[in-house]
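Below is one structure, written out as structure tokens; the observations come after it.
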Amino acid sequence: PATPVPDALEMMKKHHVNSLVVVENGTVTGIIKRDDIIKEVAK
């Protein structure tokens, strides 16, 4: 949750992945996908 979206996109690009696990206080709280980010930005 603390990582800005542009940084998350850069991590995805750097590591050749389409999604990242979201971890808060050591607990997995979700997954963020590149396609979901693109859809939100396009709104």
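Val22's amide H: which non-local residues (gap 5+, or another chain) put their own amide H closer than 5 Å, with H modeled 1.01 Å from N in plane and none for Pro or chain starts?
Those lying under 5 Å, H to H, from Val22 are Thr29, Gly30, Ile31, Ile32.
Step through the residues of segment 23-32 one at a time and calculate ³J(HN,Hα) from phi using the Karplus curve (6.51 cos²θ - 1.76 cosθ + 1.60, θ = phi - 60°), rounding each to whole Hz and writing x for Gly and Pro.
My calculation for segment 23-32 gives 10, 10, 6, x, 10, 5, 10, x, 9, 10 Hz in order.
Could you work out the Rg to Rh ratio of the chain, with Rh taken as the Kirkwood radius (inverse of the mean 1/r over all Cα pairs)?
That ratio equals 0.97.
Give me the extension gain from Arg34 to His15: residue separation times 0.36 nm, minus the current Cα-Cα distance, reported in nm with one decimal.
5.6 nm
Rounded to the nearest 500, what is the chain's calculated 222 nm mean residue ellipticity when only DSSP H runs of at least 4 contribute -39500 (n - 2.57) each, over all residues?
-13500 deg cm²/dmol
What are the aspartates and glutamates whose alpha-carbon lies under 17 Å from the alpha-carbon of Lys43, with same-chain residues fewer than 8 places away excluded?
Asp35
Please get the size of the charge dipole for the chain, origin at its Cα centre, with Cβ charges of +1 on Lys and Arg and -1 on Asp and Glu, quoted in debye to the nearest 20.
160
Read-outs: derived from the displayed coordinates by stated rules, not from any lab. Since the structure is predicted, the reported quantities are computational estimates derived from the model, not experimental observations. Here Cβ is always computed from backbone atoms with ideal geometry, including for glycine, and neighbour counts include all displayed protein chains.
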